[in-house]
Structures are given as structure tokens and as C-alpha cells.
1. Using only C-alpha atoms and all pairs of different ones, pull out the Kirkwood radius for the range A:263-381 in Å with one decimal.
2. Summing -39500 (n - 2.57) over the DSSP H runs of n ≥ 4 in chain A and dividing by its residue number, what mean residue ellipticity at 222 nm do you reach, to the nearest 500 deg cm²/dmol?
3. For q values of 0.11, 0.20, 0.23, 0.25 Å⁻¹, compute log₁₀ I(q)/I(0) with the Debye formula on a Cα-only model of the range A:314-402, without solvent.
4. Can you give the convex hull volume per residue for the Cα atoms of chain B, as a whole number of Å³?
5. Using a 10 Å cut-off around each Cβ of peptide A:233-239, what is the average number of partner chain Cβ atoms that fall inside?
6. Over chain B, what is the relative contact order in whole percent, taking alpha-carbon pairs under 8 Å and six or more residues apart?
7. Mind telling me which of A:ARG323, A:ARG340, A:ARG193 comes out most flexible in a GNM of chain A, alpha-carbon contacts under 10 Å?
8. What is the log10 of I(q)/I(0) for the protein assembly as shown, computed with the Debye formula using one identical point scatterer on each Cα and no solvent, at q = 0.05, 0.09, 0.10 Å⁻¹?
Protein chains: 2
Amino acid sequence: MTPPTPTDLNPGLSADELRDIWMILSAEERVDGFRLLPRTDAEDFFFELAAHDQAQLLVALPSHERRSWLRLLPPDDAVDLLQEAPAEERERLLALFDEPSRKEVNALLAYAEDEAGGLMNPRFARLRPDATVDEAIGYLRRQARGRIETIYYVYVLDEQQRLLGVVSFRELFSMDPTQSIRDIMHTDIISVRDDEHQETVSRVISQHGLQAVPVIDAERRMKGIVTLDDIVDVVQEEATEDIQKVGGMEALGAPYLNVAFGSMLKKRAGWLSALLLGEMLTATAMAFFEDEIARAVVLALFVPLIISSGGNSGSQASTLVIRAMALEEVRLRDLWRVARRELGAGLALGMILGALGFLRIVIWQAFTPTYGEHYMLLALTVFASLLGVVTFGTMTGSLLPFVLRRLGFDPASASAPFVATLVDVTGLVIYFTVASLLLRGTLL
Amino acid sequence: MTPPTPTDLNPGLSADELRDIWMILSAEERVDGFRLLPRTDAEDFFFELAAHDQAQLLVALPSHERRSWLRLLPPDDAVDLLQEAPAEERERLLALFDEPSRKEVNALLAYAEDEAGGLMNPRFARLRPDATVDEAIGYLRRQARGRIETIYYVYVLDEQQRLLGVVSFRELFSMDPTQSIRDIMHTDIISVRDDEHQETVSRVISQHGLQAVPVIDAERRMKGIVTLDDIVDVVQEEATEDIQKVGGMEALGAPYLNVAFGSMLKKRAGWLSALLLGEMLTATAMAFFEDEIARAVVLALFVPLIISSGGNSGSQASTLVIRAMALEEVRLRDLWRVARRELGAGLALGMILGALGFLRIVIWQAFTPTYGEHYMLLALTVFASLLGVVTFGTMTGSLLPFVLRRLGFDPASASAPFVATLVDVTGLVIYFTVASLLLRGTLL
């Protein structure tokens, strides 16, 4: 199935067709396609766009059409859109809101994007403690017709907007209508502070199996709610950041095809250059063993094999520990358990890889005598070096995330390439030291 | 703060304290701690445990206590628990359910864990189309007192249980009580098939901003719902799988500290051995250039530097593309866009790293004359090789996930170590070819 080309746009694509080719359309083509959708389809389409695309589309629309689209969005989504819009457009867009919404939006804009306040929706269902269940349901019916988006939980507040209790909608619904809210509300409330990081908020919600969590400020006044659907995005975002860091770069912070070429290059070149500078130590280490190589060139043949095995086992171990830390399966205090386990894993993996390396040389030699009369000693050197390098790589990879976290850095910076670079220099030193011990008097 | 030791358990820990030291307790200590909790705390605690831990705890409890805990769980969670329980216990646990629940659980057990049917909850709020809003609310009030867990949406079914429409609870709540459900229900329903993979289900839910999605079978009969909270777990799980594959191993499928040492070793050793076998080609390639190395040992010094730069740039590119594919930001048909972009990125990164490599040799030489009279030619060789290797690495890394997906494999298998290994051999060939072109007649 070939996607319709932009010239097919004239008769008007369906929302599904438009969604399908969205990524490859220019800004003008997007606006044209969007304006040809029937109004209800266009609304659904607009809601489902990422904030970045919403902003781009809105800015490209004629100014008299912008207001109605902007006002459709709940305040937390409007804030995301504003944060994605070009700085010079932001003030103009803000002016399009009615007064109460502008206040809400301005309050939310004060928070960082990745903290609870930046995620929350300031519109939630609220009640006074002295209402009855029946009054509460009637009151909520009116609220539901208005601006409240999520009514999974109902929050009970005092006059100072401080959170007293919470009732799930389902409970409210199944209770005796004459009971008072005060009697049925839960007072052991799980809440988060407005300056809490989004990863913590996400963990609180999933650990307790909540649909939404209330956000309170330093004076325990309720400011909004963060709902499960916000959390799905947070989880994806945090996983993307980690996976990109593990791959050896700064997190991009936006979809791959949306990031400008120059800024993507900057985020990749920084780490690669740093790694290259680190890797230059291998040239220094190799220069240190230049005499050995000159005397037994055969030693040079196994350099890539040996250092890459260290790098591979190290990147495996670091990836495992980084992810386990992100999921809180492993914490700082588990250091010694992890170290013991990885020492065992490193030794076992080193034995396996060492044996394979040993066999490679012995079997090869049987067919084509490449390695000379001392091939057995060479095979032993490769075995012992692989054992040492893999064990060292595994230990370095598993412990580096602990060190980084302890120092206050993101453990995900212990990327595969970073660990590999660290291990390469040591791998060379291990290899040539083993070689000079085992081959002295024969090859060396 | 040191965590309480197991001997502190006697007076009875609070739920929070128990949660905090759970990971380091033995099976017996967990049972003891759990049984000392007050009943309501114990219930919350049990709900919040992962299925694996629930199963372990349940099997360790005296048999007369098991029934009440098992029956507390909604059927989808009970199924997760059963799947985590030892095979020989499963039948015995199944016998503890009442007849209707056992039927539900058995139906769910027929599905694979990672498909929509294996995720869904078979208990959802249902209505006939001819009810009025008022009747519907009354009926739902009775359902809410019973076994229905989630009542965010209400599903309208015909006599054959086929899905006719859907009404959100909020809409139902804000409508005129005398209207008929048929008139207010939405008939453009987004649903998923029961055999759909969980990643697709997760994408449908987040793309459309749903709270839950109905699951239907091949005859369009409604079987259950998958809710947002299931999706949070799916997203975490899939991200963990991808991140572990990117790190160069089989996905563990369970928390790091819960996986038995032997099975973890198997999942790591397989890939490491395969990578080692691939890396053995470097020894063959190096042997091919043995004469060049013997004549100019200085060439060997830069082997680690050059091949690791190829590996690093390749693993960066593959990680970026793998993640973009997982988030559907990039699809198969974007191959040429990605290839053009990465060719540009590869050339630019290659120029940067090449220039750094060049400067390293020239500056070093100014202080300590390590590289002999032809250092300028050597620096040029390193520059050109880095340019070639980084460009090739970037292209390989970015295109390999496309190739893997096209062949029906998981693109995440294009792990950092896999790409590095692929690039190492080619890197050596590029380096020594450039060297023999530039250094013929001088060093070679």
C-alpha cells in the first residue's frame, strides 16, 4: 500500500489517512489536510496529536481560528502546547484564553515540565465534608457537565482548600444516599508535593494502583491531580531517556524525526568526542607495549577480540543494573548483593568465553598452522586474558551505575560505550601483562 | 538509616517497613511479617505486591488461609498470580475459586500473557441499548456494589454479547435522565481483538487517550476490557525488554534480583558467545594485515581507538532508531529519510572525530616524538579512517534495525554490542586499506 501523496489532499483525507501520512507532510500540507476534516473528526484529531504537533498546527492556522482550538484543551494540555510553541508566539496565544483559564495556565507555567505541578490538571471534582452522598452525586452531576475532565475520585476539601479525604466515584455510587461524606471518606490519603519529580509521581501511582493522585503545595492546599494517562507518557519518556543514554548520547527530548539536525548532532557529538578522548588512552597503553608487539606481532591479532569482549560483558552488566535501578528493583544499599552476584556471573562468563577463545586457536592451528610452535601458550594467554577481562568488565559495568548514583549523577550515564571505553584500556593492560608472564622466554 | 534486620520482625512491622525490607527477606520471614499486619493493611499490601511475590507468599501460607486471599483478587490479577506459581501448585490453587470465578480464570488462562486476552479484566459494566439514562444509573449502582472493578466506560451489548456502543460514565452522569442509551451511545468504537499483542493494545489506548479499551473475539463478542493501569505495566515491561536487548542480552523477563543465577547466566552467555564468535573475524582480518603490522608496528597502536569509534557511533545510531521504532515515530517506509539523515550525521560526526584523532597525533608528536618522521601521513591515515569508520558505523547502526524488522525479527536485537561487532571487522579493513594507500613507500 503506497501512502497517498500530498496532491491527493484536495478531495479531503479521512482522519485516519491524515494521521497515517502526518509525519511526512509539510506544515502547510498539515494545515490544509486538517482544515478539510469535518469538525468532530478534527476535534478528535487535534486531541490525539502530540503537544509539539498541536503547537505547530495552531501557529500555522489563521489567527481567528486559533482561539477555539486552544480553548478546547484542558489547562494541563494547553500548557504543554504553549511550552512547545515558539517563544515569540507564546504571549499571543496566552491572550486567547478567557480570564479564569489564563490564570490557571499561568499558574501551571510556573512549574517545570517534569515535576508534579507541571503534569497536573487543576480541574478536579471537589466536595465539602458535610454533604450527603445524594447531595454529592447531584453536585457532581453539575460539575460533570462543566469543566471537570476526570471524576474517578472526588476530593473532600476544607475552606482553606486543604485536603481532608478522598472518595472514589465507585464508592460514592454504591453507598447509602443519606450517609455523610465525612463518614465514608478515606483520610489516609496518598498525595504528592507539587515540586516532586515526575518519576516519583509515576512510581507512587503505579505502586499503589491508583487512577489519580492529588497534588498539594507546601501548605497542604490541593492544587490539582495527576492522572494515569499522564503517567503512561511519563513512563515512555523516562524509558526513552534511559535507553538513549545507555546507547551513549544525551537524551534527545523529542521524537527522532522532529529534532533539528544540528541539535541532534550536538547531543551525539559530545559523548562521542568524550569517548574518543578516553579511547586515546588505548593508544598510549598500546605504545607502552610496542616492544612486545614488535617481537610477537601475533599478539596484536587478538587485541580487538579481547577488548571487545570486556566491553560487551560490561555493557550487559551496566544495562541490567541501570534498568533495575530505574524500576527500583535495586537500590544503593543492594551494592554488595549485586557485586557478589556479578562477580560470580563475570567469572562464569569469563570461563565460557575464555574456553571458546582457547578452542578457536587450538582448532584453527590444527587446520592452518598460523600461530607457530607456541600456539598452546598463546591459547592459554587468550584464555586467561578473556577470563580476566570479562570478569573485570562485568564488575565495572555493574558497579559504575552505583558510583554514578552515589555521586548524584544519573546511573543511566553508565552507557554501553562509556563502560566499553573504560574497560578497553584495562583490557589491554591485562592482556599484555598475562602475555609477558606466560610467553616470557618463548615468544617474548 | 539501617534497615531493620529480620529479628526485628517479632513485634510486627508496619506495612511500609515491611515493604522497605521485602526484597532482602527469606520466604519464611515474608510470611511471618505479612501475617503480623492488621487485616486491612495486609489487604492493601497484598494488592500492591507484584504477581511473582503474591504467588510466592500465597504458596507459603497455610492452606486454609490461601482461599480468602486468592478470592480477593480480580480475575486478571488472579491469572497473573497463577502463571507465576509453581506448576504443581496451580491446580490446587484453581480449586480454591468458586465455580463462576474458576470459569473466568480458566478462560483467561487460555490466552498468552502478552496478548490482549491475557491482560483483560472480564468484569466490566454492561447495559442493553433500550434502557434510559436513569435506569442505567440505577442498574450501574447495583453493579458497582458487586464485582465490577472499573466503571469508567459502560458498554452497550446486544443479546449475542456483541458490542453496539459505549458511553463514558461522565456522559451518562451529565445527560438528561429520560434519554435512551441508544440515543447517546457512541457507535464509532475503538476496540482490540483478543489475540492482539500487548504493545499494540498499549499504543491504541495511549494514541486515543482512552481510559480503557474493549476486547472482542473473532465473532465481535465482547470478552473484557484492558484498562490504563494494565498499560502502565506493559509500557514498563516492553521498555525493559528493549533496554536489555540494546545492552546485548536476552530479555530477563523478571526483576534482576529475582531471576535465578543459572537462568540469568544463560540469557547473558548466549549473546556474549555469539558476539565472541563474530569478533573472531577480527583476528582473521588482523592476520590478513599481519605483514603491514610487522613493518609498521605503530599502526597497531590505533586499532582499538579506530574500531571502538565505529562501534560507539554505530550503537548510538541503532539505539536512536530502535527506540523511535518502538514508539512508532519511525516506520519501515521511513528507511530513506533515516538513511539520508544518518549519512549526514555520520559524515559530520566522522569529520569531528577524525579531526580530534588528527590533532591528537600532531600535538603529541610536538611534545614527544613517538610517531617518527612520517607522523603527518600517519595523522592523515587516522583522520581518513575515523571519517570512514564512523560514517560506516552510523549507517550500519541506523539501518540494521530496519533490516531486522523487515526480516521479521525484533529491531531491538540490533544491540550496541552486536553493531559494534559488525563494525569492528569492517573498521579494521577500512583502516588498513587507508593505511596501505597513504603510507605505501614510506612506512609500508
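1. Its Kirkwood hydrodynamic radius stands at 17.7 Å.
2. Details: 21 runs with 282 residues, N = 444.
It lands at -20500 deg cm²/dmol.
3. -0.41, -0.82, -0.97, -1.08
4. Here the figure is 218 Å³ per residue.
5. 5
6. Numbers: 587 pairs, mean separation 51.4, N = 444.
Relative contact order of chain B: 12 percent.
7. Between A:ARG323, A:ARG340, A:ARG193, it is A:ARG340 that shows the largest mean-square fluctuation.
8. -0.34, -1.01, -1.19
No value in this document is a laboratory result; all are computed from the given coordinates. Quantities reported herein were computed from a predicted structural model and do not represent experimental measurements. Using ideal geometry, Cβ is built from the backbone for each residue, glycine included, and neighbour counts are taken over all protein chains shown.
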